[in-house]
Amino acid sequence: MSIVRIDAEDRWSDVVIHNGTLYYTGVPENLDADAFEQTTSVLTQIDAALKKQGSDRSRILDATIFLADKNDFAAMNRAWDAWVVPGHAPVRCTVQAELMHPQFRVEIKIIAAV
């Protein structure tokens, strides 16, 4: 089985596809935004990555959400709840983590069927 690495660089690939499964991690582009807006930004990136590979958010199997501040949990959930497809919610966990960029409030990693 082949492994497809999309927009691969020395340190990471934007998307990896193996055996009909897509792997993607998104970080916010709007660094001065609050947690709701950063989450919305990352979810928009996820939509674009999935669409480009012939998939969509209803096919997400698993999501891991990393929050820099646990107090942003409600704001992140507001964005997530407005975005997730009813009846097609993936397995999800949310963890508080020290993110690598001091202005990142959220980072989201997904696994989806293609």
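The values are calculated or read from the model by the stated rules, or taken from the named source; none is laboratory data. What you see is a predicted model, and the numbers here were worked out from it, not measured in a lab. Reconstructed Cβ throughout: ideal geometry from the backbone, glycine too, with neighbour counts over all protein chains shown.
Could you please find all residues in the range 72-91 being in contact with a helix residue (DSSP H, G or I) (Cβ under 8 Å, 6 or more places away or on another chain) and over 20 Å from residue 34 (Cβ atoms)?
85, 88
Go through the range 92-109 residue by residue and tally those that are part of a loop (DSSP other than H, G, I, E, B), touching a residue at least 24 places away in the same chain (Cβ under 8 Å) and not aliphatic (A, V, I, L, M).
Taking the range 92-109 and keeping what is part of a loop (DSSP other than H, G, I, E, B), we get 97-105.
Going one step further and asking which of them are touching a residue at least 24 places away in the same chain (Cβ under 8 Å), we end up with 97-99, 101, 103-105.
Next cut, not aliphatic (A, V, I, L, M) only: 98, 101, 103-105.
Adding up the residues that qualify gives 5.
I'd like the full set of residues that are free of Cβ contacts under 8 Å to residues at least 40 places away in the same chain and either over 11 Å from residue 39 (Cβ atoms) or among the polar types (S, T, N, Q) (or both), limited to the range 58-71.
Of all residues in the range 58-71, those free of Cβ contacts under 8 Å to residues at least 40 places away in the same chain come to 58, 67-71.
Across the range 58-71, the qualifying residues are 58, 68, 69, 70, 71.
Among strands (runs of 3 or more DSSP E) lying entirely in the range 1-91, which contain 3 or more residues that are at negative phi and either at pLDDT below 95 or of a type in the set (Phe, Trp, Tyr) (or both)? Let's see the steps before the verdict.
Working: elements: 3-6, 15-18, 21-26, 60-67.
It comes to none.
What's the total number of residues in the range 73-102 that are among the charged types (D, E, K, R) and farther than 21 Å from residue 24 by Cβ?
First pass over the range 73-102, keeping only residues among the charged types (D, E, K, R): 78, 81, 92, 98.
Those still in the list that are farther than 21 Å from residue 24 by Cβ too: 78, 98.
Summing the residues that are among the charged types (D, E, K, R) and farther than 21 Å from residue 24 by Cβ in the range 73-102 gives 2.
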